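In what follows, a structure is listed as structure tokens, so that the remarks can point back to it.
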Amino acid sequence: MNFASDNVTGASPEILAAIAAANHGPAMPYGADEISRRLEQRFAELFEHEVAVFPVATGTAANALALACLTPVYGAIYCHEEAHIATDECGAPEFFTGGAKLVACPGEHGKLTPGVLKPRLAGAGVVHNVQPAAISITQETEAGTIYRLAEIAALSALARRHGLALHMDGARFANAVASLGCAPADLTWRAGVDALSFGATKNGALAAEAVVFFDPKRAESFAYRRKRAGHLLSKQRFVAAQLEAYLAGDLWLRNARHANAMAARLGGGLAALPGARLLHPIEGNEVFVELGERAIEGLAAAGFGFYRWGEAPVLRLVTAFDTSSEAVERFLRVAQEALGGATTP
Ligand SMILES: Cc1ncc(COP(=O)(O)O)c(C=O)c1O
């Protein structure tokens with residue numbers, strides 16, 4: 001009954017089983033184990049492309065270290081003003097890039113557009129300005145929406161014209177692939193993405209993310225940066241085992257499809273209630289809804305967990321691979337009663 005985040009979940013049984021299975025006998029450390037060595041090939045198959053893959057333990061590390069490979073220290077990284085890298089990473093991208101500047105840009109429903117970015121690239125070649133180096137987009141976005149392939153292609157065309165790299169924060173990449181029903185390749189390198197933070201933790205892993213570079217040349221310094229950042233795990237086999245199990249039998253997509261279906265039901269149910277207003281289209285596993293204060297109090301009193309979003313009476317509700325339809329239906333019933341109460345004089 002907790003819709004605060006897809007981080008409130010435990011881990012998928014398949015992933016816990018893979019960790020237990022990896023717990024037999026010695027294995028060489030720091031990524032020299034058998035499971036880690038298989039990983040690059042597995043990701044190459046998934047993305048239908050040569051890749052360089054680096055497991056890390058957190059999404060913040062994935063983003064900050066990926067971006068550090070894509071920008072000089074005097075670079076500008078363009079991102080949405082609500083991007084996790086700009087709002088929730090405690091300055092890690094600035095720190096690990098050695099001082100590159102995040103340029104936070106507005107955009108409807110959590111998305112960047114070429115129109116918003118173009119005028120902001122004007123400082124190229126001006127010695128007083130940070131130099132345009134990278135665009136970072138989040139897929140699915142922090143508003144729970146999903147960039148279409150054409151939207152990504154338009155951003156990457158702009159990036160190419162101006163010599164910028166394109167990074168994708170894919171903490172919820174699985175939800176986006178499940179929602180669009182496209183190939184992972186379509187959503188990444190075929191649309192011009194250079195580096196992907198491939199999330200797994202929110203969608204069933206215990207602590208596992210992977211940084212995927214589609215041009216291994218761009219990744220040349222990554223191994224050193226990761227070690228320096230304290231993210232080269234000596235027992236990396238256990239992180240690699242999580243990622244391997246996450247991809248096996250399409251667990252990652254099954255989990256994401258379930259989470260998305262729960263969000264669609266939750267959002268659809270809320271949209272039908274008088275007094276509730278959705279802020280963004282429901283496209284992945286997040287619902288942003290404006291409700292009255294009394295309704296929010298009623299839901300909290302009934303024991304539901306959620307985050308309030310900003311000053312207004314807005315909730316962010318996140319579903320996950322283990323969200324039950326009973327919890328969703330109960331939330332909708334309590335919301336309906338609470339809203340009824342709110343409108344009764
Ligand atoms: C969009 C996005 N990116 C990255 C992350 C990764 O964060 P963490 O460092 O907590 O794993 C999160 C987690 O909340 C997120 O929502």
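The values are calculated or read from the model by the stated rules, or taken from the named source; none is laboratory data. It should be emphasised that the depicted structure is a prediction, and the values quoted were computed from it without experimental measurement. We place every Cβ from the backbone using ideal geometry, glycine too, and count neighbours over all the protein chains shown. Please note that ligands, DNA and RNA were not included when accessible areas were found on the heavy atoms of the full protein model with its side chains. Shrake-Rupley method; radii C 1.70, N 1.55, O 1.52, S 1.80 Å.
The modelled label-to-label distance for the pair GLU34/VAL116, using points 7 Å beyond Cα in the direction of Cβ, is 4.8 nm. Surface composition of the range 49-161: carbon and sulfur make up 58 percent of the accessible area, probe 1.4 Å.
For GLY31, the residues whose modelled amide H falls within less than 5 Å of its own, excluding neighbours fewer than 5 places apart on the same chain, are GLN236, ARG237. The Rg/Rh ratio for the range 1-68, using Cα coordinates for both the radius of gyration and the Kirkwood hydrodynamic radius, is 1.02.
Evaluating 6.51 cos²θ - 1.76 cosθ + 1.60 at θ = phi - 60° for every residue in the range 286-294, the Karplus couplings come out as 10, 10, 10, 9, 9, 10, x, 4, 5 Hz, glycine and proline recorded as x.
Computed from the mean reciprocal separation of all distinct C-alpha pairs, what Kirkwood hydrodynamic radius does the range 246-311 have, in Å? Let's see the in-between values first.
On the way: mean 1/r = 0.0746 Å⁻¹.
Computed over Cα pairs of the range 246-311, the Kirkwood hydrodynamic radius comes out at 13.4 Å.
Which semi-axis lengths, in whole Å and largest first, follow from the square roots of five times the eigenvalues of the Cα gyration tensor of the range 45-170? Display every interim value, and only then the final one.
Details: eigenvalues 82, 66, 48 Å².
Semi-axes from the Cα gyration tensor: 20, 18, 15 Å.
State in Å² the accessible area per residue of the range 293-345; use a 1.4 Å probe, count heavy atoms of protein chains only, and round to the nearest integer. Working shown, then result.
Numbers: 2740 Å² over 53 residues.
For the range 293-345, the solvent-accessible area averages 52 Å² per residue.
The relative contact order of the chain comes to 23 percent, based on Cα pairs under 8 Å that sit 6 or more residues apart. Taking the range 236-345, which GluC sites (Glu not before Pro) meet the DSSP loop condition and have no more than 10 other C-beta atoms within 10 Å? Counting only loop positions with at most 10 other Cβ atoms within 10 Å, the GluC sites (Glu not before Pro) in the range 236-345 are GLU311. The phi-based Karplus calculation (6.51 cos²θ - 1.76 cosθ + 1.60; θ = phi - 60°) puts the 3J(HN,Hα) values of the range 193-198 at 7, 8, 9, 10, 8, 8 Hz, whole numbers, x for Gly and Pro. Using a Gaussian network model of the chain whose springs link C-alpha atoms within less than 10 Å, name the residue from ARG225, ARG330, ARG42 with the highest mean-square fluctuation. Comparing ARG225, ARG330, ARG42 in a Gaussian network model of the chain, the most mobile one is ARG330.
When only Cα pairs under 8 Å and 6 or more residues apart are kept, what is the percent relative contact order across the range 53-157?
On the way: 163 pairs, mean separation 30.8, N = 105.
After rounding, I find 29 percent.
Once the Cα atoms of helix 325-343 and of the chain are each reduced to a long axis, what angle between those two axes, in degrees from 0 to 90 to the nearest 10, is obtained? The two axes meet at around 50 degrees.
Can you give the FRET efficiency for ARG160 and HIS128, using 1/(1 + (r/R0)^6), R0 = 25 Å, r = Cβ-Cβ distance, to the nearest 0.05?
Numbers: r = 25 Å, r/R0 = 1.02.
The formula returns an efficiency of 0.50 here.
What is the chain by shape, rounded, prolate or oblate, if you read a ≥ b ≥ c off the alpha carbon gyration tensor as root eigenvalues and call it rounded for a/c under 1.5, prolate for a/b larger than b/c, and oblate otherwise? Note, shape of the chain comes out oblate. Length gained on full extension, GLU220 to ASP250: 7.8 nm, using 0.36 nm per residue less the C-alpha separation.
Of ALA300, ALA22, ALA165, which is the most mobile in a GNM of the chain whose springs link Cα atoms less than 10 angstrom apart? Among ALA300, ALA22, ALA165, the largest GNM mean-square fluctuation belongs to ALA300. Each 5 Å bin from zero up to the one holding the largest Cα-Cα distance in the range 188-343 carries the following percent of pairs: 2, 8, 14, 16, 14, 11, 10, 10, 8, 5, 2, 1, 0.
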